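Written out below as structure tokens is the structure these notes cover.
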Amino acid sequence: MHLNLPAPIATRRTTLTFEAPMSETQDPTQPSRAAAIPPQYDFTTVEPRWVQQWQNSGLYEYDAQSEAAKAGRVYSVDTPPPYVSAAHLHVGHAMSYSQAEFVVRFKRMRGFEIFYPMGFDDNGLPTERYVEQKYKVNKGKVTRKEFIDLCLEETRQGAKVYQDLWQQLGLSVDWRMTYSTIQPRAVKHAQRSFLDLVQQGRMERRRDPILWCPTCSTALAQADVESGEEANRPMHGVRFDVAPETATANAPESGTIETTRPELVPACVALACHPEDERFKHFSGLRFRVPLTNLRFCKTEVTSEDGSIGSAGEVSETEQGRTVPLLFDAAVDPAFGTGLMMVCTFGDPEDIQKWRTHQLDTVLIIDAQGRMVTPDLPELDGKRVHVQAKGSQYSEARLAAVELLRKYGYLGDIKANVSRASVHERCSTPVEIQVAPQWFIRLLDLKEQLLERGRELRWFPEFMRERYEDWVTNLRWDWNISRQRFYGVPFPVWYCDTCSHPVYADMASLPIDPTMAPCPQEACDRCGGASFRPEPDVMDTWMTSSLTPLLNANWTEWDAAPDADAPIAAQPRKAIYPMGVRVQAFEIIRTWLFYTVAKSHLHTQSVPWRDVMISGWGLDRQGKKMSKRAGNFVDPAEVIAKYSADSLRYWAAGATLGQDLRYLEDDVKGGKRLLTKLWNSTRFAMQQLDSYVPGAVAEQPTAADLWVRSELVGVVGAATAAFEQYEYSKALRAVETFFWGTWCDNYLEIVKERFRPGSRFSAGQVAAAQRTIFEGTHALLRLFAPVLPFISEELYQLAIRPLLGADAAPSVHVAPWPENETTGKVDVFGGQRDEAAEAQGALLAQLVSAVRGCKTAQKLGGGRPLEVIYLAAPQERRADLAPLEADWLAASRAARCTFAAVVADHASGEPTYAVGTTGISVGIIAAPQEPQPA
RNA sequence: AGGCGCGUAGCUCAGCUGGUUAGAGCACCACGUUGACAUCGUGGGGGUCAGCGGUUCAAAUCCGCUCGCGCCUACCA
């Protein structure tokens, strides 16, 4: 038999050899083909053996020189580099990685050269947070080097755990291509990206208000911030007195604002109201005194009784405090609070907006650690803004501020008010706004272009595109990539000590750490200064993660001279870019996906991939997201040990793309059942093939053969179409339904009789059944292979490959998918559907089922032979029945059937069964029970 | 507050470009083991398709509104 192997695979992979897996168990006295298949499937030995053999043989290695690669038929996969916190691994992770891999395996069988690396994200704040919590350290307690060493060690351990699990799970990754986001290659890419954006004028160092996490002591990007819990954040009325020097005859003496942040009152820089708000029409031109700013703390030294010198002091009121103007701004909502709002520096993005628009002063009273800096107000000074005061749900600073406002008579009503604060997604601390020099990538002017890139991508499922559009549309901050942390990619920048002018590293010197390497310039371009200091900040972790497609393609080496000595992972691969598909879950569309699209747009004026596949989450039985913290987490390694990797993958294949999936052990058990069924049915098939020599006997297919062949052609088409749309669950369902219902329950039961000694079937009919069984099994194993790689491979090697001869694909995973990708033609049983045969088969299945119904009603076993089947059918249907008779009688184990006017008359009152809505009904008479042998 | 997804048998989910009697697996009931499979087979019971209204000869499917769950975005002075 000649197998039409796709050319790309032929060059290298046909030379792969696998040891014959079960040869040692074959009984030489029984040369039967079926004997090659042990009675029981033992996944505990089979799965690890294939993990090893696939790995040893290089089956999944990317070959840039293959025929497919040269022809441009490369399918490359950008898969999420998980954080190293391996202890958090749960079946939800296994689910999403499996789902992506189903499609990868499908594409490989379609003849594509696959580039499928794995990455590990061991860079940046998430890792730092993990290390801090695990070792109970923070960046104040250890040196930068000690801390980085801890992070690297955690990274190594985590990556090992991940790789073991992914291999057990059967992911067909090319492990030579593994990257990590802190390795020199990744650092080089991130720094190159930085310098490239500097050259483009996209990268700016600005002293701007920025989002700030007081707990992590670092700046953040908009994407790092999420909505916090709803909570009561009371609204405090605060009276602002009109500055007497601006008072007019008909103006009021004061105005009242409402705020949830009374501690920020001393940072007030303006009051604002809507220009058409009648209530404030007399306020025009007024200035207001900011409460508490008229207080002064006078410190005096005192000598206490024991002679030690301490300090004391008192607060005194001065004549006037700071005054602020009243602004009219249409952005103020007259319906909110009193209609009069306080603008302070800075409470929220709205403040920044007004501060910019009206060029207001800046009064910063919260430091980097979230402590109040208010020297004239000792009750408030140093109080922490994000630490709850003892015995209160409110912070130290807020309580102290309220007390001060009350003491000096400015405090009005306090009203309950439910709202949510913006918090840092890594630590849930409410974010503050600080002002500090930071590096920004200007993005706000690119919204339209980035939306357009989003539209160039094919999204699966399509509705996920809206998550992207929403995010881009609502973007309000340029991307701040500076982080005041230890562990991350350093900026390749020094500053002049005299004038702070930046000096950039040479491209050729990357990767570089400016804290270790000298500044490449001797004198400052701007002022001639000769001493420089390195940039101490590190880059946002997404600065690297956003480059994974470019990192996989080794963008930094595209123009470099070829270096044959470079590790394979580091060699340039421009051909895989843009990549074929990005796979990820939906919650990081705004981060990973968005930033990657932005980077690709800026660096290559292109989308980073053609397709985007978005998966859902693995949920627990109650529908809650799995997480270590929630304690509802299921360890995938345990599931694999108990039920096999194939079974776990089967569960993962049950989720509709983009939808969440609950973890139910029963569903994994369902996978285990399928494996058993597949094993047994293949064993049965082999038992019928001992004498099979393809083409030796001219086949005479029966109605059952023609029916099941046509159905299979249909299933191949349906599964292929589904996989092409990333609908692996639909594909599996089509295959499984056919396999269990049509193939096992009906077809195999029908043909069994054909192989019994002395059956009424001709040699040609037996040959037809053998061909159907063999080619059908071969097709089924290939159809199951993407989802169930282990058992498919084992059965392919045991049952199929030996019969195919020397041309056979060395692995089911590089065997040709039963529909040809280029021609679109199904390569099974001629590839044509036969509607008449399918209609006949449907009738046959109904007839078989009706007889089973009779047997059950008469409490007869399914294998009980029948003496006669009585059949009542309208005259016009009788012609349809004749071609089915042989298969029907065989499946029913009946000696003969005979037409009758009304079945019940001939069946001794036994129950009769209607055959669907065909107008046919049947009745049976069982053959006498044969005497049991003594 | 806006957007997206979901709401179908006891449970988990298909179906949702409108068209016979709404499906599968699990669970449940009954029956059945003389050579693929009891980790099984056969047969069966079980659903006002969240609710209300509309379009249509015909609605689980299309439209509108309401309710519930999840998520995203915004607001949070």
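The values are calculated or read from the model by the stated rules, or taken from the named source; none is laboratory data. All values derive from a computational prediction rather than experimental measurement. Glycine gets a Cβ as well: all are built from the backbone with ideal geometry, and neighbour counts include every protein chain shown. SASA here: full protein model, heavy atoms, side chains in, ligands and nucleic acids out. Shrake-Rupley method; radii C 1.70, N 1.55, O 1.52, S 1.80 Å.
So if I take the centroid of the Cα atoms in the stretch A:122-201 and the same for the stretch A:852-875, what is the distance between those two points in Å?
Computed from Cα coordinates, the inter-centre distance equals 68 Å.
Just subtract the alpha-carbon distance of A:Lys281 and A:Val693 from 0.36 nm times their residue separation and send over the number in nm, one decimal.
The span from A:Lys281 to A:Val693 would gain 138.3 nm if fully extended.
Just going by the charge dipole of the stretch A:814-889, with Lys and Arg at +1 and Asp and Glu at -1 on Cβ, which of A:Gly863, A:Ala836, A:Val848 is farthest out on the positive end?
A:Gly863
Would you compute, for the Cα atoms of chain A, the largest minus smallest coordinate along each principal axis and list the three values in descending order, in whole Å?
That gives 118, 70, 58 Å along the principal axes, largest extent first.
Please compute the length gained on full extension between A:Glu638 and A:Ser500, using 0.36 nm multiplied by the number of residues separating them and subtracting their Cα-Cα distance. Don't skip to the answer; put the middle values down first.
Numbers: separation 138, 0.36 × 138 = 49.68 nm, distance 5.62 nm.
Here the answer is 44.1 nm.
Can you figure out the FRET efficiency of A:Arg458 with A:Ala721, using R₀ = 25 Å and their beta-carbon distance, to the nearest 0.05?
Here the calculated transfer efficiency is 0.95.
Hey, what angle do you get for helix A:594-604 against the long axis of chain A, alpha-carbon based, 0 to 90 degrees rounded to 10?
90
Only four residue types carry charge here, +1 at the Cβ of Lys and Arg and -1 at the Cβ of Asp and Glu. Report the dipole size of the stretch A:483-526 about the Cα centre in Debye, rounded to the nearest 20. Please report the intermediate quantities before stating the final value.
On the way: 3 positive and 5 negative charges, 55 e Å.
For the stretch A:483-526, the charge dipole is close to 260 debye.
Along the Cα→Cβ direction, 7 angstrom out, place labels at A:Glu204 and A:Lys447. What is the inter-label distance in nm?
My value for the distance between the label points is 1.6 nm.
Compute the angle between helix A:91-109 and the longest alpha-carbon principal axis of chain A, please, reported from 0 to 90 degrees and rounded to the nearest 10.
With rounding to tens, the tilt is 60 degrees.
Given Cβ point charges of +1 (Lys, Arg) and -1 (Asp, Glu) and nothing else, what value in debye, to the nearest 20, does the dipole of the stretch A:334-440 about its Cα centre take?
280
Residues in the stretch A:718-742 near a label at A:Gln659, defined as backbone nitrogen under 20 Å from the 7 Å Cα→Cβ point?
So the set is A:718-738.
If ligands, DNA and RNA are left out, what is the accessible area of A:His282 with a 1.4 Å probe, given in Å² to the nearest 10?
80
Which percentage, to the nearest 5, of the DSSP beta bridges contained in chain A is antiparallel?
Beta bridges within chain A, antiparallel portion: roughly 75 percent.
Taking a probe of 1.4 Å, how large is the accessible area per residue of chain A, in Å²? Numbers along the way, then the final one.
Details: 39260 Å² over 934 residues.
Here the per-residue accessible area is 42 Å².
Exceeding 28 Å between C-alpha atoms, which entries from my cross-link table qualify? They are A:Lys145/A:Lys624; A:Lys730/A:Lys825; A:Lys136/A:Lys160.
A:Lys145/A:Lys624
In chain A, if the dipole is taken from +1 on Lys/Arg beta carbons and -1 on Asp/Glu beta carbons about the Cα centre, which of A:Pro534, A:Gln200, A:Phe43 is farthest to the positive end?
Checking the options against the dipole of chain A, the answer is A:Phe43.
Distance between Cα centroids, the stretch A:722-785 to the stretch A:288-327: provide it in whole Å.
The distance from the Cα centre of the stretch A:722-785 to that of the stretch A:288-327 comes to 90 Å.
Given a cut-off of 20 Å, name the pairs among A:Lys642/A:Lys669; A:Lys390/A:Lys415; A:Lys447/A:Lys574; A:Lys188/A:Lys599; A:Lys107/A:Lys188; A:Lys669/A:Lys855 whose C-alpha atoms lie farther apart than that in the structure shown.
Over 20 Å apart, Cα to Cα: A:Lys390/A:Lys415; A:Lys447/A:Lys574; A:Lys107/A:Lys188; A:Lys669/A:Lys855.
Could you tell me the center-to-center distance, by alpha carbons, between the stretch A:53-119 and the stretch A:798-850 in angstrom?
The two parts, judged by their Cα centres, are 26 Å apart.
Given the options A:Thr248, A:Leu551, A:Thr777, identify the residue whose Cα lies farthest towards the positive end of the charge dipole of chain A (+1 on Cβ of Lys, Arg; -1 on Cβ of Asp, Glu).
Result: A:Thr777.
Can you pull the percent of the stretch A:234-416's accessible area that's carbon plus sulfur, 1.4 Å probe, other chains left in place?
Within the stretch A:234-416, the accessible surface is 48 percent carbon and sulfur.
In whole Hz and in residue order, list the ³J(HN,Hα) couplings for the stretch A:168-180 that follow from phi through the Karplus curve 6.51 cos²θ - 1.76 cosθ + 1.60, θ = phi - 60°; x for Gly and Pro.
So the J values, rounded to whole Hz, are 4, 6, x, 5, 8, 8, 8, 6, 5, 9, 4, 10, 10.
Calculate, in nm to one decimal, what A:Lys574 and A:Gln40 gain on full extension: separation in residues at 0.36 nm each, minus their alpha carbon distance. Provide the component values of the computation, followed by the final result.
Working: separation 534, 0.36 × 534 = 192.24 nm, distance 4.75 nm.
Extra length available between A:Lys574 and A:Gln40 comes to 187.5 nm.
Using amide H atoms built in the peptide plane, which far-off residues or other-chain residues are under 5 Å from A:Tyr179 H to H?
HN-HN under 5 Å from A:Tyr179: A:Met118, A:Gly119, A:Phe120.
Sequence gap at least 6, Cα distance under 8 Å: using those rules, report the relative contact order of the stretch A:497-583 to the nearest whole percent.
Relative CO of the stretch A:497-583 lands at 23 percent.
Given a cut-off of under 8 Å on Cα pairs at least six residues apart, what relative contact order in percent is computed for chain A?
Relative contact order of chain A: 15 percent.
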